[in-house]
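For reference, the structure is listed below as structure tokens.
The values are calculated or read from the model by the stated rules, or taken from the named source; none is laboratory data. For clarity, every value in this text was computed on a predicted model and none was experimentally measured. Reconstructed Cβ throughout: ideal geometry from the backbone, glycine too, with neighbour counts over all protein chains shown. Ligands, DNA and RNA are excluded from the accessible area calculation, which covers all protein heavy atoms including side chains. Shrake-Rupley method; radii C 1.70, N 1.55, O 1.52, S 1.80 Å.
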Amino acid sequence: MVGAEGYVFELERRGYVKAGPYVPEVVLDAPDALAELHREFLRAGADVMVALTYYAHREKLRDIGRADDLEQMNRVAVRIANRVAAEGEALVAGNICNTWCYDPADPKGSGAVVRAQYEEQLGWAVEEGIDFVISETNDFLGEALIGLEVCHELGLPAMVTFASVQPGTTYDGHDYIEACRTVADAGAAVVGLNCSRGPATMLPLLERLRAAITGPIAAQPVPYRTDAATPGFESLVADDGGRMFPIGLESAALTRFQMADFARQAAELGVDYIGICCGGGPHHVRAMAEALGRRPPAAKYSPAIGLHPVLGDKQSAVTVREMGDWTAAS
């Protein structure tokens, strides 16, 4: 399956989400903008419309003074996802994520807070109608297991993915592969990795994960250049020594061609759910879908550089006269 995420980053670039809190106020403030992004991802080849309820939980909304909008924001997000999904027969995923409330030193007390937030969000999502849940960007195995338990209590299949921010383990000290194995053994339908790592640093983990897990696995990297020294994009540093994350990442961005290469490599490894996370745009998704042999609606407008007046196969007399021996390299 082809997945498409990165909603909050893309909507921040478009001027509908505030960087920093990253709470999806766009759901209520500019619902047409959210619907349009869903539609663009759908046209680009995404098989799933993910309800934009990432960070739409009680603690985050309280931080920005919108706690009273909690239920409406969650319900409307699922309604919008359902409406657009019906245009292309896509699946609809409810969404829960890291809450920043879980404390492994107090798993019982903090876990109760996390559980209550997940129960609220997913309870509303079930009433509005979803096919499954994506529980993502999990930093703690303990928090991921709470989310999975709530999914099972509500009769929902779940895809559970971890954000591999640290070199080898979750924040509560579990090897990423073992964390995935644990949630798979606990009944997750799909397990894997999302966010934090770009293709270069996620692929080695995916190779290990595929060897360890017999069931479906998922991969949704960020489209940025990470390497062994800086495996997560949160730690990328600009030439001037400043932090690039989260709103200075443009110079580290990967092209659509590089993300298409990732999609092919992931498919060759046996990854079942191949997508993209923060920083991803419809052009990346289209290229990835095409790399996997799809021809989504947006493929009608895929590049035809051979028809370009300067770079194309045939240059007009006007082009030669005006541009001379100009090339893309010059």
Qualifying residue in the stretch 254-265 (condition: hydroxyl-bearing (Ser, Thr, Tyr), open to solvent by 10 Å² or more (accessible area, probe 1.4 Å) and either closer than 30 Å to GLU178 by Cβ or modelled with pLDDT under 95 (or both)): no
Number of the exception - ALA144 against (1) out of contact with any Phe, Trp or Tyr (no Cβ under 8 Å at 6 or more places or on another chain); (2) open to solvent by less than 10 Å² (accessible area, probe 1.4 Å): (1)
Failed item, numbered, when SER164 is tested on (1) assigned to a loop (DSSP other than H, G, I, E, B); (2) open to solvent by 10 Å² or more (accessible area, probe 1.4 Å); (3) in contact with a helix residue (DSSP H, G or I) (Cβ under 8 Å, 6 or more places away or on another chain); (4) among the small types (Gly, Ala, Ser): (2)
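When you look at GLY248, is it surrounded by fewer than 15 Cβ atoms within 10 Å (Cβ to Cβ) and within 21 Å of CYS97 (Cβ to Cβ), yes or no?
no
Working carefully through the options ALA266, ALA260, ALA219, find the one that is more than 21 Å from ASP139 (Cα to Cα), touching a strand residue (DSSP E or B) at 6+ places or on another chain (Cβ under 6 Å) and not in a loop (DSSP other than H, G, I, E, B).
Just a single option satisfies the conditions, and that option is ALA266.
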Elements of type helices (runs of 4 or more DSSP H) contained in the stretch 1-115, each with 2 or more residues being open to solvent by 60 Å² or more (accessible area, probe 1.4 Å), out of contact with any Pro (no Cβ under 9 Å at 6 or more places or on another chain) and farther than 18 Å from ASP131 by Cα: 31-44, 58-63, 70-85
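Hey, can you tell me all the residues within the stretch 171-183 that are open to solvent by less than 30 Å² (accessible area, probe 1.4 Å) and more than 21 Å from PRO199 (Cβ to Cβ)?
VAL183
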